[in-house]
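The values are calculated or read from the model by the stated rules, or taken from the named source; none is laboratory data. The model shown is predicted, which means the values in this text are computed figures rather than measured ones. With ideal geometry, Cβ positions are generated from the backbone for all residues, glycine too; neighbour counts draw on all protein chains shown. These accessible areas exclude ligands, DNA and RNA; they are computed on the full protein's heavy atoms, side chains included. Shrake-Rupley method; radii C 1.70, N 1.55, O 1.52, S 1.80 Å.
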Amino acid sequence: MLSQKNFSPQQLSALTALALSVPIAIGIFVFKPVWWIALLSFVVIFMGSFALISYTLQTFIYRKIKLIYKLIYQTKASKREEFYYKNILPQKGIDEVREDVEAWAEQRKEEIEMLQQNETYRKEFLQNLSHELKTPIFAIQGYVDTLINGALENPEVNKKFLASTSRNIDRLVNLVDDLDEISKLESGEQLLYQENFVIQDILKEVYESLAIKADEKEIKCIIKKGCEVALTVYADKEKIRQVFINVVDNAIKYGKQNGTIESSFYRVDGKTVLIEISDDGSGISEEHLPRIFERFYRTDLARSRKVGGSGLGLSICKHIVEAHGQTIHVRSKIDVGTTFGFTLPKKKD
């Protein structure tokens, strides 16, 4: 349909000029039935109308559209852009220009939403970082002030306060180390030393290193039946050990008394190995799952402060796994448990 056609300025000018010249030429022929006069009138009126309408569109409409395009791209026009404005843009119909502007507006809307999300994340991050730093600093300050004001001479108090001060200093050191680790992983400064190794062997070593913590809550750390067959992966052994330590340590902290931590290993597609670590603890609410790998994000603030930790462990895990070009995920259900899973490339021949 003509009403639905996406006319360019030249087509619109020609159509309008035709609509003007045809009835006028017919009127002239009616009053003076000489065919060549009517034809000449048609040609003159058509050409004059086409030129005038085309000039008007270019001057008063497309000049404004060019300004809109320059505003969209927010740059001084280069030679390539000038060619676009002079030759390509005039061939575009109004609907095409509208679509370009709508696409630009949608893109800017997404960018604004992303900036707003980043700003919210930045504020939360600074608040959490401030809290994580203030807690041990104020504790150290309190212990030191008490010791200076006389408690240092009391042998029953000074050792206890010094031990507490030492623990809080360790907490600060661990926090700074974790922040430094994430910064290096994000910037690519932390190089990966990849090698072939049996993934189950690293997990068993982590189980052994955390055995005392697990025994305190009588938690069993096992490998799922059928997953004992050795699987060799190509990765940074120490970095993957760090992932296992963070995930298993969290499972112990938030696991229930007399619970179980079960790990499983699967070949996926001939190229990757899937590792999953599951617990039967209290679980994580669904609304928290999308943010669980954010720095300092805590699902239960009071409980998290009580069990300790920098709040950066899962974020470090995510960065380590992604540095290997792989992905990490989480599944959880309240009062059922939580499963963390990630993939690693299989052994390199």
- Query: What do you reckon, is residue 184 basic (Lys, Arg) and in contact (Cβ under 8 Å) with a residue 24 or more places away in the chain?
  - Reply: no
- Item | Flag if residue 229 is at pLDDT 85 or above and surrounded by 13 or more Cβ atoms within 10 Å (Cβ to Cβ) | no
- Message: I'd like to know if the range 74-86 contains one or more residues that are open to solvent by 100 Å² or more (accessible area, probe 1.4 Å) and at pLDDT 75 or above.
- Response: no
- For residue 221, indicate whether it is open to solvent by less than 20 Å² (accessible area, probe 1.4 Å) and either of a type in the set (Ser, Thr, Tyr) or over 25 Å from the mean Cα position of the chain (by Cα) (or both). no
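The rows are residues; the columns are (1) at pLDDT below 90; (2) not charged (D, E, K, R).
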| residue | (1), (2) |
| --- | --- |
| 146 | yes, yes |
| 150 | yes, yes |
| 169 | yes, yes |
| 185 | yes, yes |
| 195 | no, no |
| 203 | no, yes |
| 214 | no, yes |
| 224 | no, no |
| 234 | no, yes |
- Run residue 199 past the list (1) open to solvent by 40 Å² or more (accessible area, probe 1.4 Å); (2) in contact with a helix residue (DSSP H, G or I) (Cβ under 9 Å, 6 or more places away or on another chain) and report the number of the one that doesn't hold. (1)
- Query: Residues in the range 337-349: is at least one at pLDDT below 90, touching an Asp or Glu at 6+ places or on another chain (Cβ under 9 Å), in a loop (DSSP other than H, G, I, E, B) and not aliphatic (A, V, I, L, M)?
  - Reply: yes
- Message: Can you report the number of residues in the range 319-336 which are basic (Lys, Arg) and either open to solvent by less than 60 Å² (accessible area, probe 1.4 Å) or at pLDDT 90 or above (or both)?
- Response: 1
